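Comments concern the structure below.
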Amino acid sequence: MKIGVIVAAAGSGRRMGAQDNKVLLPLAGKPVLAHSLACFGSLEEVSEVVVVTKEEDRPRIETLMQEILKDKEARVVLGGAERQDSVYLGLMALAPDTKWVIIHDGARPFIKPDLVRRGIEAVKKHLAVGVAVKVTDTIKRVQKGLVLETPERSELWAMQTPQIFDYKLVVQAYEDARAKGITATDDCGVVEAFGHPVHIVEGDYANSKITTPEDLPGRNKVAVGFGYDVHRLVVDRPLILGGVEIPHDHGLLGHSDADVVTHAVMDALLGAMGRGDIGEHFPDTDARYKDISSIALLEEVLVILAQERFVINNLDITIMAQKPKLGRWKGEIKTKLAQVLAITEAQINVKATTAEGLGFVGREEGIAAQAVVSLAQFS
């Protein structure tokens, strides 16, 4: 049963005090919108993603979707005057054989896959599902500065997104609302006005919406790390740089696959965190690491990165090789590392240089790599 996603991202940054659309503001080293796109991109159940936005933001969002949603059908649709109009345009853009539709606000970047999956399971039974959390504050109805009523708090829930529906049901509800001039503040409200009950799935208090600058998590620490590695060139070994096998008559000698680029990246990450070096974590005296892929080792370093609550701001790599010429491979290396590091390609720079015939690099005896990384730690 085909599941489509609509991400509403046609807002502005006025309350953020920003000129740009708030979904394009940086959060943990990447645009706010990138986080929710990454969540939906990780869900095998989702086959199609539509982002509704403004014309001026279309090029940047299309680029972002191409980088993150490579295995999904993905398109950008221009929004309408109000959010309700934009969502309807998104509904019309989904494939007609869509069975379930997930509607999400692009300004909620902290959505987690498990919450989406719980909503998907619930909608199969109830056809209309809202995600919400119990209200923890006492709520007052106030008019002209005077309290009119104190509603019973146990019955109050604060709505979030995603909101998930049977596709045909929500389209009918939206078309009915358009015909009758009905407006609602969320998609569940449109379905409620159509007369269909909405089931609530308990959400996550961390699934907050970015509305003001105070909603962006505070940055506690910025750290910079430097990594360097070198390996000898020999015959009868594959040449692997940044996880990419490059055709050449020589490869790099080492206990692992001797990927100097990935080794330099790992050392830069460990150095920025103050967690030693790759020799301490993956000693060449340990048989477990014999001929192992350095990408697999990098993934272990990323576990430490997550435990320390660090994220990557940007990564700059320099590869020093007399031969082969690496210009044509820089893009592929950047793509591979971006996938592994779960960051955008725009956050990675890869440079390649020769040694002008000087030293061990110039004599084609080996290849060296340097990496500089900037990390941010969030509370």
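What follows draws every value from the coordinates through simple rules; no lab data is involved. Quick caveat: nothing in here was measured; it's all calculated off a predicted structure. Neighbour counts run over all protein chains shown; Cβ positions are idealised from the backbone, glycine included.
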task = Count charges around F110 for me, please; just the other residues with Cβ under 12 Å from its Cβ, Lys/Arg as +1, Asp/Glu as -1.
result = 0
request  = Give, as a single signed number, the net charge of other residues whose beta carbon lies under 13 Å from the beta carbon of A268, with Lys and Arg counted +1 and Asp and Glu -1.
outcome  = -3
query = Among K54/K99; K22/K325; K30/K125, which pairs are too far apart, with a Cα-Cα distance over 32 Å?
reply = K22/K325; K30/K125
query = Do you know the relative contact order of region 286-379, to the nearest whole percent, from alpha carbon pairs under 8 angstrom that are 6+ apart?
reply = 42 percent
query = If you take the Cα Rg of region 260-319 and divide it by 2.2 N^0.38 Å, with N the number of residues, what do you get?
reply = 1.10
message = Taking θ = phi - 60°, what integer Hz values does the Karplus form 6.51 cos²θ - 1.76 cosθ + 1.60 yield along region 189-201, in sequence order, with x for Gly and Pro?
response = x, 5, 5, 4, 5, 6, x, 9, x, 10, 8, 9, 9
Region 144-218: C-alpha pair distances exceeding 18 Å, % = 58 percent
query = Residues with amide H under 5 Å of V49's amide H, sequence separation 5 or more or different chain, H placed in the peptide plane at 1.01 Å from N; which?
reply = V5, E73, A74, R75
request  = Please work out the Kirkwood hydrodynamic radius for the chain, using every pair of different C-alpha atoms, and report it in angstroms with one decimal place.
outcome  = 23.3 Å
message = With θ taken as phi - 60° and the coefficients 6.51, -1.76 and 1.60, list the Karplus ³J(HN,Hα) couplings across region 59-68 in order, rounded to whole Hz; mark glycine and proline as x.
response = x, 5, 6, 4, 4, 4, 5, 4, 6, 9
key: Volume in Å³ per residue [convex hull over Cα atoms, computed for region 1-143]   = 155 Å³
ask   = Measuring from the lowest to the highest alpha carbon on each principal axis, how far does region 90-136 reach, largest first, in angstroms?
value = 40, 27, 18
query = Placing +1 at every Lys and Arg Cβ and -1 at every Asp and Glu Cβ, with all other atoms neutral, what dipole size does region 3-215 have around its Cα centre, in debye to the nearest 20?
reply = 320 debye
note = So, relative contact order of region 3-215 in percent, Cα under 8 Å, 6 or more apart, is 23 percent
key: 5 angstrom amide H check on S256, placed H, neighbours 5+ away   = D291
remark   = In deg cm²/dmol, rounded to the nearest 500, the helical mean residue ellipticity at 222 nm of the chain, built from -39500 (n - 2.57) for every DSSP H run of length 4 or more, is -9000 deg cm²/dmol
remark   = Restricting to Cα pairs under 8 Å and 6 or more apart, the percent relative contact order of the chain works out to 16 percent
query = Evaluated at 20 °C with a viscosity of 1.002 mPa s, what Stokes-Einstein diffusion coefficient in µm²/s does region 219-378 have when Rh comes from the Kirkwood expression over alpha-carbon pairs?
reply = 137 µm²/s
query = Can you work out ³J(HN,Hα) from phi for every residue in region 293-300, in order, using Karplus 6.51 cos²θ - 1.76 cosθ + 1.60 and θ = phi - 60°, giving whole Hz and x for Gly and Pro?
reply = 5, 5, 5, 5, 5, 4, 5, 5
message = Using the crude model of +1 on Lys and Arg Cβ and -1 on Asp and Glu Cβ, and no other charge, please compute the dipole size for the chain relative to its Cα centre, in debye to 20.
response = 880 debye
